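The values are calculated or read from the model by the stated rules, or taken from the named source; none is laboratory data. Being a predicted model, the structure only gives us computed values, none of them experimental. Quick reminder, even Gly has a Cβ in these numbers, built from the backbone with ideal geometry, and neighbours come from all protein chains shown. Quick note on the areas: whole protein, heavy atoms, side chains included, nothing else; ligands and nucleic acids left out. Shrake-Rupley method; radii C 1.70, N 1.55, O 1.52, S 1.80 Å.
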Amino acid sequence: MAKAIMIQGTMSNVGKSVVAAGLCRIFRQDGYRVAPFKSQNMALNSFITKEGLEMGRAQVMQAEAAGVEPVVAMNPILLKPTNDIGSQVIVNGEVLGTMNARDYFKMKKSLIPEIRKAYDTLDRAYDIIVIEGAGSPAEINLKQDDIVNMGMAKLAKAPVLLVGDIDRGGVFAQLYGTTELLEKEEKDLIKGLIINKFRGDKTILDPGVEMLEQLTGIPVVGVTPYLHVSLEDEDSLSERLENNGTAQMSGTEGVPLIDLAVIRFPRISNFTDFNVFESVENVSVRYVSSVRQLGQPDMILLPGTKNTMRDLLWMRQNGLEAAILKAQKAGTVIFGVCGGYQMLGRTITDAEGVEEGGTIRGMGLLDMDTAFESEKARTRVEGRFLSPGGVLSELSGIPLYGYEIHMGRSWPANPSDSGAQELSGMPVRTAPASLTSIENVLTGERKQEGAWQGNVYGTYVHGIFDREEVATAVVRSLAKAKGVAEQMGKAVDFAAFKETQYDLLADGLRSNLDMNTIYGILEAGV
């Protein structure tokens with residue numbers, strides 16, 4: 001039987017995922033077999049396991065920190081919002097259906113056996129399980145049917161560390177108010193408080209810490225600083241997405257030599273696809289949601305989205321589509337991934353009502369058509385780039401790996417399809433060429449995938465840029481086209497880079513948490 005400890009927060013985005021990842025790395029460094037767990041995750045950033053099952057990326061990040069292979073038991077329920085009141089519900093890695101919030105809340109307690117089964121799988125295999133909560137345990141309108149905060153703590157008999165974010169202000173009110181809104185048996189499960197993201201002189205904070213401990217009767221087990229580590233983020237609350245002005249660059253200051261603009265769709269998903277570029281010197285990565293923010297980047301990236309049709313219409317309405325088309329005509333490289341790839345074609349058809357229903361015109365930058373299907377593609381892949389032309393021709397032959405998660409297929413346009421021509425408003429040119437040749441790592445099935453035409457490229461493969469050689473070739477190609485190739489550095493080995501970040505995170509937490517007390521809490525249980 002594993003020992004368990006749970007990280008809950010006073011609200012979303014206080015740092016639960018990162019603190020949990022840091023503890024996973026610390027416990028691993030100390031010689032324990034450790035696994036992360038989150039019973040229910042709501043996020044649009046997801047991942048495909050070796051078994052072809054879908055799970056949230058936050059637990060993948062934590063599994064990497066723990067040095068173990070991600071498995072779907074670490075995140076048995078994943079909710080992927082499709083609109084403001086509904087989500088696709090994924091249980092044990094497979095789609096259960098799409099539900100509105102009210103219907104899901106009515107049935108979610110029936111999923112407790114699945115949660116217990118997943119947790120027990122880890123319980124038998126590991127020494128320590130680090131459990132992450134969601135949002136706040138003090139949502140008094142939701143507590144009755146809770147399966148992810150105190151409900152999970154009770155199920156796992158796990159002591160709780162409650163995290164508050166001082167960077168957002170009001171941390172004492174956050175922590176005190178949260179504990180006061182809990183039932184006594186729930187409050188008794190909280191064994192320690194953590195003040196996270198602190199900047200400044202801690203001695204000024206000490207009187208408040210002492211008063212907080214007196215008011216709550218719970219020890220503060222750490223005041224952790226604002227740690228400058230580069231880790232994958234859980235959802236659209238990511239601070240990365242706020243970077244829409246002057247770009248942040250790795251290793252240098254000033255104006256970037258290469259500027260990458262990622263379109264920040266309202267329903268953006270898997271934006272972690274572009275994290276690797278943040279590690280390249282003299283390269284900036286910006287997330288933009290308006291024409292004013294777009295500027296004149298060297299490459300425009302269209303990421304994944306949980307609703308391709310609605311986000312394409314959003315771009316059409318706010319002028320970004322027209323701005324991207326103008327940039328492409330001027331020679332800017334356009335690269336779409338998954339939903340962003342689908343947008344680049346002539347038409348998108350949704351005969352089965354997967355998203356919005358009907359058929360809409362695409363951006364017309366690739367002569368291809370897309371149709372949504374009810375069955376989701378979920379595969380891990382590896383392969384290589386074929387021989388793309390245009391600016392990114394240096395990608396030719398480079399190996400790649402990644403994974404596919406999508407509900408649609410795309411194919412070259414049929415020149416005789418006059419209806420599609422009329423809808424797209426563009427003449428049919430030579431069919432686009434395939435971008436990659438990939439193999440399903442489970443079945444061994446090979447296929448050609450993606451497309452390129454001129455300086456427009458698209459793929460269904462998430463993580464396609466993660467290999468050092470791929471990211472370097474992209475940056476080098478853009479720099480060569482701009483005449484600054486001699487000033488550019490290489491991308492890092494992204495997997496090795498992430499390992500250094502997990503170690504930095506563990507060092508920062510270990511220096512500022514009372515690990516002796518935390519080990520005592522872990523050993524004592526509840």
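For the range 17-99, I need the span (max minus min coordinate) of the C-alpha atoms along each principal axis, in Å, sorted largest to smallest.
43, 26, 16
Be a star and scan the range 122-143 for residues whose amide nitrogen sits under 16 Å from the point 7 Å along the Cα-to-Cβ vector of residue 168.
Output list for this probe position: 133-140.
Let me know the shape class of the range 277-320, please: from the alpha-carbon gyration tensor, a ≥ b ≥ c as square roots of the eigenvalues, rounded when a/c is under 1.5, otherwise prolate if a/b is greater than b/c, or oblate. Please report the intermediate quantities before stating the final value.
Values: a/c = 3.45, a/b = 1.68, b/c = 2.06.
In terms of gyration-tensor shape, oblate.
Need one value: the accessible area of residue 143 in square angstrom, 1.4 angstrom probe, rounded to the nearest 10.
That residue has around 40 Å² of solvent-accessible surface.
Return one number: the angle in degrees, 0 to 90 and rounded to the nearest 10, between the long axis of the Cα atoms of helix 515-524 and the longest principal axis of the Cα atoms of the chain.
Between helix and principal axis, roughly 70 degrees.
I'd like the Karplus ³J(HN,Hα) series for the range 386-402: coefficients 6.51, -1.76, 1.60, θ = phi - 60°, whole numbers in Hz, and an x wherever there's a Gly or Pro.
For the range 386-402, the Karplus-derived couplings read 7, 10, x, x, x, 4, 8, 5, 5, 6, 3, x, 6, x, 9, 9, x Hz, x marking Gly and Pro.
Give me the angle, in degrees from 0 to 90, between the Cα long axis of helix 468-482 and the longest principal axis of the Cα atoms of the chain, rounded to the nearest 10.
50
Ignoring everything but the protein chains, give the 1.4 Å probe accessible area of residue 434 in square angstrom, nearest 10.
40
So for the pair residue 202, residue 322, with labels modelled 7 Å out along Cα→Cβ, what separation do we get in nm?
In this crude spin-label approximation the distance works out to 5.5 nm.
Among 30-38, 328-336, 68-76, 515-523, how do they line up from the highest to the lowest mean number of other beta-carbon atoms within 10 Å?
Descending packing order for the listed peptides: 68-76, 30-38, 328-336, 515-523.
Probe radius 1.4 Å, ligands and nucleic acids left out: which of 376, 157 has the largest accessible area, and how do the rest follow?
Working: 376 25, 157 140 Å².
Order by accessible area, largest first: 157, 376.
Where the only charges are on Cβ atoms (+1 Lys, Arg; -1 Asp, Glu), what is the dipole of the range 269-357 about its Cα centre, to the nearest 20 debye? Provide the component values of the computation, followed by the final result.
Working: 8 positive and 10 negative charges, 79 e Å.
I would put it at about 380 debye.
I'd like to know which of 99, 11, 74 lies farthest towards the positive end of the charge dipole of the chain, counting +1 on Cβ of Lys and Arg and -1 on Cβ of Asp and Glu.
99
For the chain, build the charge dipole from Cβ charges (+1 Lys, Arg; -1 Asp, Glu) around the Cα centre, then report which of 119, 319, 291 sits farthest towards its positive end.
Checked the options; the winner is 319.
Please list, in chain and number order, the residues 5+ apart from residue 379 or on another chain whose amide H is under 5 Å from its amide H, with Hs placed from the backbone.
Sorted by chain and number, the residues that satisfy this are 404.
How long is the chain along each principal axis, judged by its Cα atoms, biggest number first, in Å?
74, 51, 42
Residue by residue, what Karplus-based ³J(HN,Hα) values in Hz, rounded to whole numbers, does the range 272-289 have, using 6.51, -1.76 and 1.60 with θ = phi - 60° and x for Gly and Pro?
These are the phi-based 3J(HN,Hα) values: 5, 4, 10, 4, 4, 5, 5, 8, 8, 4, 6, 10, 10, 10, 10, 10, 10, 10 Hz.
May I ask for the angle, rounded to the nearest 10°, between helix 112-123 and the longest principal axis of the chain, with both axes built from Cα atoms and the value confined to 0 to 90°?
So the helix axis and the longest Cα principal axis differ by about 80 degrees.
Rolling a 1.4 angstrom probe over the protein heavy atoms, how many square angstrom per residue are accessible across the chain?
On the way: 20880 Å² over 526 residues.
Here the residues of the chain average 40 Å² of exposed surface.
As a test of reading the structure, rank 145, 311, 167 by solvent-accessible area (1.4 Å probe, protein chains only), most first.
Descending order: 167, 145, 311.
Scan around residue 307 for amide H atoms under 5 Å from its own, H built in the peptide plane at 1.01 Å from N, and keep only partners 5 or more places away or cross-chain.
none
So how strong a dipole does the range 426-505 carry about its Cα centre when Lys and Arg Cβ are +1 and Asp and Glu Cβ are -1, to the nearest 20 debye?
For this selection, approximately 460 debye.
If you put +1 on each Lys and Arg Cβ and -1 on each Asp and Glu Cβ, how big is the dipole of the chain around its Cα centre, in Debye rounded to 20?
520
For the pair residue 503/residue 181, report the inter-label distance in nm, with labels modelled 7 Å from Cα in the Cβ direction.
Here the modelled spin labels are 4.1 nm apart.
So what's the back-of-envelope 222 nm ellipticity for the chain, counting only DSSP H runs of four-plus at -39500 (n - 2.57) apiece and dividing by all residues, rounded to 500?
That calculation yields -9000 deg cm²/dmol at 222 nm.
Given a cut-off of under 8 Å on Cα pairs at least six residues apart, what relative contact order in percent is computed for the chain?
15
Rounded to the nearest 0.05, what FRET efficiency do residue 230 and residue 51 give with R0 = 22 Å and r taken as the Cβ-Cβ distance? Could you check?
0.20
Can you send over the carbon and sulfur percentage of the accessible area for the chain, probe radius 1.4 Å, protein chains only? Could the numbers behind the result be given before it?
Values: 10380 of 20880 Å².
Solvent-exposed carbon and sulfur of the chain make up 50 percent of the total.
Compute the distance in nm between two label points, each set 7 Å from the Cα along the Cα-to-Cβ direction, one at residue 85 and one at residue 143.
Result: 2.7 nm between the two label points.
Could you list which residues have their amide H under 5 Å from that of residue 287, counting only those 5 or more apart in sequence or on another chain, with H placed in the peptide plane?
Sorted by chain and number, the residues that satisfy this are 243, 244, 262.
First measure r as the distance between the Cβ atoms of residue 103 and residue 352, then evaluate 1/(1 + (r/R0)^6) with R0 = 30 Å and state the FRET efficiency to the nearest 0.05.
On the way: r = 20 Å, r/R0 = 0.67.
That pair, residue 103 with residue 352, gives E of 0.90.
Which whole-Hz ³J(HN,Hα) couplings does the range 138-150 yield from phi under the Karplus relation 6.51 cos²θ - 1.76 cosθ + 1.60, θ = phi - 60°, glycine and proline marked x?
In residue order, the calculated couplings are 9, 6, 5, 7, 10, 4, 4, 10, 5, 10, 10, 10, 5 Hz.
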